[in-house]
1. For the stretch 179-192, does any single residue satisfy the condition of being touching a Leu at 6+ places or on another chain (Cβ under 6 Å) and without any contact (Cβ under 8 Å) to a residue 60 or more places away in the chain?
2. Which residues, counting only those in the stretch 121-150, are in a helix (DSSP H, G or I) and open to solvent by 10 Å² or more (accessible area, probe 1.4 Å)?
3. Return yes or no: is Pro50 loosely packed, with under 13 Cβ neighbours inside 10 Å and farther than 23 Å from Cys316 by Cβ?
4. Filter the stretch 184-211 for residues that are in contact with a strand residue (DSSP E or B) (Cβ under 9 Å, 6 or more places away or on another chain) and of a type in the set (D, E, K, R); which is farthest from Ala168 (Cα to Cα)?
5. Hand me the list of strands (runs of 3 or more DSSP E) wholly inside the stretch 1-98 holding 1 or more residues that are under 23 Å from the mean Cα position of the chain (by Cα).
6. Just to verify a result, which residue in the stretch 330-355, among those that are open to solvent by 10 Å² or more (accessible area, probe 1.4 Å) and part of a helix (DSSP H, G or I), is farthest from Ser312 (Cα to Cα)?
7. Across the stretch 106-120, what is the number of residues that are among the polar types (S, T, N, Q) and either outside any helix (DSSP H, G or I) or at positive phi (or both)?
8. Counting residues that are open to solvent by 40 Å² or more (accessible area, probe 1.4 Å) and modelled with pLDDT of 95 or more, which helices (runs of 4 or more DSSP H) fully inside the stretch 206-318 reach at least 2?
Amino acid sequence: MTTTAITHIASLVTNDPSLGNGTPLGLIPDAAVVIDGDRVVWTGESSKAPATDNAVDAGGRAMIPGFVDSHSHLVFAGDRTQEFNARMSGRPYSAGGIRTTVAATRAASDEELSAQVARYLAEALRQGTTTLETKSGYGLSVEEEARALRIASAHTDEVTYLGAHVVAPEYADDPAGYVDLVTGPMLDACAPYARWVDVFCERGAFDGDQARAVLTAGLARGLGARVHANQLGPGPGVQLAVELGAASADHCTHLSDADLDALGQGDTVATLLPGAEFSTRADWPDARRMLDAGATVALSTDCNPGSSFTSSMPFCVALAVRDMGMTPDEALWSATAGGAAALRRTDIGRIAPGARADLVLLDAPSHVHLAYRPGVPLADAVWRSGERVR
């Protein structure tokens with residue numbers, strides 16, 4: 001293996017308070033990072049960097065950990081432009097539009113679906129996303145859900161079984177039968193390809209009892225739990241997630257005081273998806289309220305063709321700062337270390353010895369520019385597992 005030193009970093013975000021200025025971001029000014037193979041082996045002041053095989057001069061730019069996008073839906077085909085156009089013209093968002101994508105996805109070939117996943121992963125990587133979770137949920141049959149997960153698992157290790165996205169059209173009159181399918185034959189076919197199980201616990205999708213059945217079945221098969229919770233209105237999703245020890249409760253737009261207490265006292269991460277609120281003109285999650293309650297917060301794109309068709313974590317950071325009550329420091333931490341926590345990973349989301357060398361050099365002197373200059377492509381160089389990919 002060869003070693004590489006990246007020096008003259010104006011401001012290095014380590015997400016390790018012990019390495020930097022004592023804040024959660026662990027900022028080190030005029031810093032350097034040393035990579036050996038796929039790992040970070042040293043961080044500190046640029047003037048004290050050890051000798052290495054290779055050197056990269058950051059030229060006074062800021063460096064952050066690679067973004068960790070812990071919630072996306074990339075295995076799909078088709079387009080929902082007409083739905084988006086209608087929504088922007090006044091029609092409210094509901095879960096029913098998912099079935100439109102189901103029909104298109106079922107009709108697509110393996111090659112077409114794989115190319116779609118690769119396309120959006122590459123798009124995200126160019127913007128600094130070095131870890132990305134993605135879900136099934138647009139197949140809704142045993143064969144189609146297993147196919148989606150098989151395709152997804154060829155592109156990322158963070159794969160989630162979401163057979164319980166909505167009730168399949170064939171089971172419209174028998175939702176209980178569909179839950180039996182999701183927790184039985186479909187789970188048997190999908191579990192080998194997945195790390196996680198998820199459920200859309202919302203009106204128009206699955207109620208609390210149905211969601212519990214799906215999650216407990218997945219947990220019994222060794223999958224970790226995640227929950228789409230409290231997006232469209234109040235509901236049992238958040239407290240069910242905390243009760244069952246789910247890694248994350250995602251959306252969290254409509255929270256009661258009891259929901260906040262549960263998140264603040266448990267280890268379930270509240271994953272916020274501002275792209276969905278932006279694209280549906282819905283109420284914004286109150287991140288400030290969650291943070292003040294002691295909850296761990298992550299930011300993610302929710303990249304999907306219906307309600308949040310963006311792969312841009314920097315865009316989500318800017319939205320979180322502008323509309324959800326987060327500071328620039330909090331939003332960046334949530335988009336990196338917060339996402340890692342939502343995936344229960346300690347090897348990503350930080351720049352510290354032993355961490356995977358996922359690094360983003362910004363064309364800016366400070367990470368604050370991610371919110372300060374919304375819409376500007378600031379990822380100037382990207383390393384994933386120690387390899388420069390941009």
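1. Yes, because at least one residue in the stretch 179-192 is touching a Leu at 6+ places or on another chain (Cβ under 6 Å) and without any contact (Cβ under 8 Å) to a residue 60 or more places away in the chain.
2. Leu121, Ala122, Glu123, Leu125, Arg126, Val142, Glu143, Glu144, Ala146, Arg147, Arg150
3. yes
4. Looking at the filtered set, the residue picked out is Arg195.
5. Passing ranges, in order: 3-12, 39-45, 54-65, 67-69.
6. Ala341
7. Going residue by residue through the stretch 106-120, those that are among the polar types (S, T, N, Q) are 109, 114, 116.
Still in the running and either outside any helix (DSSP H, G or I) or at positive phi (or both): 109.
Result for the stretch 106-120: 1.
8. 208-220, 237-243, 257-265, 287-292
The values are calculated or read from the model by the stated rules, or taken from the named source; none is laboratory data. Note that this is a predicted model, so its numbers are computed, not measured. With ideal geometry, Cβ positions are generated from the backbone for all residues, glycine too; neighbour counts draw on all protein chains shown. Calculation scope for accessible area: heavy atoms of the full protein, side chains included, ligands and nucleic acids excluded. Shrake-Rupley method; radii C 1.70, N 1.55, O 1.52, S 1.80 Å.
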